[in-house]
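Asks: One structure coming up, written as structure tokens, with questions to follow.
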């Protein structure tokens, strides 16, 4: 038993759990093979993991790195950092785009119209307005913090973004 | 922290998802959208009609919660990404198997969330059936998720105990110290200087979830309709008594006025065959109920429906206690141009063949000349443009 454990690298229960997991997954695959375009379901399933790990993540990380490189002019040492005031509205806007881009870009226009009788036209404008609103609110908040920081003088550093 | 939110949220998605599958009564007629289900349909039961809002709440929760948890899922995947690049990738058989099971977990999560999101947005960049993909994908994800929960719960508890939430909520970015790297830990080995505190991160993710909630909840709650700015459904049809969501237009279904006009007849089949014109139907006892109509895509609304009881129609066809009724629409090409309702659904006194809604005749898009409305049934089983009802008796 101990030898098995050492060769395997974890407790026997771990092996049983994962064996059960793959057996069940195998059954699901067997069921999926009964349906039309089963191979395509498999491709999308694996692509979902790959797209996230190797496309979306590097893209986000790179965009964030670039943003952090920008040296923002700050005449006062006490000015709160601007980075999160740009990053957070950008993140919100990007998230909404990621979740709703088929509507925003009208990619499902034909099916949407035959189901609802309406077009996807308004969604682009709504998303753009929401984005503008996020940035406006964030920069307004930043302006308030900047004014507060200046009033307090350059001594304290408490008003940092959180 | 993010993990514990998902640990509560994902089981709710799973249960409401399975409930939705059961609500189609897949054991009847051609109702099953995934006939290859095998033992994966073991939990099926005859669908209920009480309370009438059960499908509305359950499916609304499934869709809106799925949307709201999307930022949490993405943040969780982001937080564990250092593990993806852990080196060496294979340390033992156990380690390799565990990593392989992550394909089910991560692939399954992203696959389920995005097939669901794209479906409610009518965006189909694939050829397979959404029902097949989302159903079987859910089971593949569920097994990966279960293994992950079993293996990681001690870890989750330790992580939650290692920090006090209250203390973290008082810690700004200036005092934030990155998690120290551990041999097989989640923490990055060489983190950049922190630019956001843990409190800030939770705030951003929570705020993002709240934003999604605020922009979509209105498609499932009548009073909030105007706030559903990014919800696929919840838009206005210009006011009036028939201003509620349409899921397939008469034009798309090819329903022309000449087939729904004076020549239209409802055919009742059972031990007796009967034909009824619309004026004849209107001369039968009419009943009015406020009932929700709720779509698998998450939107729902409550309206006031009037028409003839399905039980009365069954009697006219000579079927006193039918086992089921097979309802066929004039819409012959739609995926849901037909549905089988159970005898239990027919026997509910609120189950109607509706002729009017909110005091006016049904509009063509809402199923004129007649449509089914059954309490708690999924929207697609409330067949529109009904032409024939075949009652089955023992």
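Here is a yes/no grid of residues against (1) in contact with a strand residue (DSSP E or B) (Cβ under 9 Å, 6 or more places away or on another chain); (2) in contact (Cβ under 8 Å) with a residue 40 or more places away in the chain; (3) closer than 30 Å to residue B:215 by Cα:
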site	(1), (2), (3)
B:314	yes, yes, no
B:319	yes, yes, no
B:324	yes, yes, no
B:352	yes, yes, no
B:357	yes, yes, yes
B:366	yes, yes, yes
B:379	yes, yes, yes
B:394	no, yes, no
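Asks: Restricting to segment B:143-176, count the residues that are more than 9 Å from chain A (Cβ to nearest Cβ) and outside any loop (DSSP other than H, G, I, E, B).
Replies: 19
Asks: Considering each of B:140, B:96, B:133 in turn, give the residue that is out of contact with any strand residue (DSSP E or B) (no Cβ under 9 Å at 6 or more places or on another chain) and more than 8 Å from every other protein chain (Cβ to nearest Cβ). Spell out the reasoning first.
Replies: On the way: B:140 fails: more than 8 Å from every other protein chain (Cβ to nearest Cβ); B:133 fails: more than 8 Å from every other protein chain (Cβ to nearest Cβ).
Of the residues listed, the single one that is out of contact with any strand residue (DSSP E or B) (no Cβ under 9 Å at 6 or more places or on another chain) and more than 8 Å from every other protein chain (Cβ to nearest Cβ) is B:96.
Asks: Of all residues in segment B:226-268 being buried (at least 18 other Cβ atoms within 10 Å of the Cβ), in contact with a strand residue (DSSP E or B) (Cβ under 6 Å, 6 or more places away or on another chain) and assigned by TED's automatic domain parsing to the domain that holds residue B:297, which is farthest from residue B:366 (Cα to Cα)?
Replies: B:268
Asks: Okay, moving on. For segment B:255-329, give me every one of the strands (runs of 3 or more DSSP E) that falls completely inside it and has 3 or more residues that are farther than 14 Å from residue B:370 by Cα.
Replies: So the answer is B:287-294, B:300-309, B:324-329.
Asks: Any chance you could count how many residues in segment B:102-112 are farther than 17 Å from residue B:132 by Cβ and either buried (at least 21 other Cβ atoms within 10 Å of the Cβ) or more than 7 Å from chain A (Cβ to nearest Cβ) (or both)?
Replies: 6
Asks: Quick one: count up the residues across segment B:28-57 that are surrounded by 15 or more Cβ atoms within 10 Å (Cβ to Cβ) and either away from chain A (no Cβ under 14 Å) or touching a residue at least 24 places away in the same chain (Cβ under 8 Å) (or both).
Replies: Selection size over segment B:28-57: 18.
Asks: Same structure, new question: I'm trying to understand the selection: among the residues of segment B:198-237, which are within 10 Å of chain A (Cβ to nearest Cβ) and within 18 Å of residue A:122 (Cα to Cα)?
Replies: B:212, B:215, B:216, B:229, B:230, B:231, B:232, B:233, B:235, B:236, B:237 - these are the residues of segment B:198-237 that are within 10 Å of chain A (Cβ to nearest Cβ) and within 18 Å of residue A:122 (Cα to Cα).
Asks: Look at residue B:255 and say whether it is within 30 Å of residue B:120 (Cα to Cα) and under 25 Å from the mean Cα position of the chain (by Cα).
Replies: no
Asks: So, one more: Kindly establish whether residue B:379 is surrounded by fewer than 24 Cβ atoms within 10 Å (Cβ to Cβ), closer than 25 Å to residue B:240 by Cβ and either within 23 Å of the chain's Cα centre (by Cα) or not assigned by TED's automatic domain parsing to the domain that holds residue B:213 (or both).
Replies: yes
Asks: A follow-up question, please. Take residue B:334 and decide whether it is in contact with a helix residue (DSSP H, G or I) (Cβ under 7 Å, 6 or more places away or on another chain) and either under 30 Å from residue B:116 (Cα atoms) or not assigned by TED's automatic domain parsing to the domain that holds residue B:281 (or both).
Replies: Values: in contact with a helix residue (DSSP H, G or I) (Cβ under 7 Å, 6 or more places away or on another chain): yes; either under 30 Å from residue B:116 (Cα atoms) or not assigned by TED's automatic domain parsing to the domain that holds residue B:281 (or both): yes.
The answer is yes for residue B:334.
Asks: Can you tell me which of B:77, B:67 is closer than 23 Å to residue A:98 by Cβ, within 10 Å of chain A (Cβ to nearest Cβ) and either assigned to a loop (DSSP other than H, G, I, E, B) or at pLDDT 95 or above (or both)?
Replies: On the way: B:77 fails: either assigned to a loop (DSSP other than H, G, I, E, B) or at pLDDT 95 or above (or both).
From the options B:77, B:67, the qualifying one is B:67.
Asks: Determine which member of the set B:43, B:55, B:95 is touching a helix residue (DSSP H, G or I) at 6+ places or on another chain (Cβ under 7 Å) and assigned to a helix (DSSP H, G or I).
Replies: B:55
Asks: Quick one: would you say residue A:97 is closer than 14 Å to residue A:128 by Cα, surrounded by fewer than 15 Cβ atoms within 10 Å (Cβ to Cβ) and at pLDDT 95 or above? Write out each step before concluding.
Replies: Working: closer than 14 Å to residue A:128 by Cα: yes; surrounded by fewer than 15 Cβ atoms within 10 Å (Cβ to Cβ): yes; at pLDDT 95 or above: yes.
Criteria met by residue A:97.
Asks: Among the residues in segment B:269-287, are any assigned by TED's automatic domain parsing to the domain that holds residue B:384, buried (at least 20 other Cβ atoms within 10 Å of the Cβ) and closer than 30 Å to residue B:351 by Cβ? Before you say what the answer is, go through the steps one by one.
Replies: First pass over segment B:269-287, keeping only residues assigned by TED's automatic domain parsing to the domain that holds residue B:384: B:269-287.
Next cut, buried (at least 20 other Cβ atoms within 10 Å of the Cβ) only: B:270, B:276.
From the residues that got through so far, the ones that are closer than 30 Å to residue B:351 by Cβ too are B:270, B:276.
Scanning segment B:269-287, I find at least one residue that is assigned by TED's automatic domain parsing to the domain that holds residue B:384, buried (at least 20 other Cβ atoms within 10 Å of the Cβ) and closer than 30 Å to residue B:351 by Cβ, so the answer is yes.
Asks: Among (1) at the interface with another protein chain (Cβ under 9 Å from one of its Cβ atoms); (2) in a helix (DSSP H, G or I); (3) over 24 Å from residue B:78 (Cβ atoms), which single condition is residue B:127 missing?
Replies: (2)
The values are calculated or read from the model by the stated rules, or taken from the named source; none is laboratory data. Treat the numbers as computed from the prediction; the structure is a model and nothing was measured. Glycine gets a Cβ as well: all are built from the backbone with ideal geometry, and neighbour counts include every protein chain shown.
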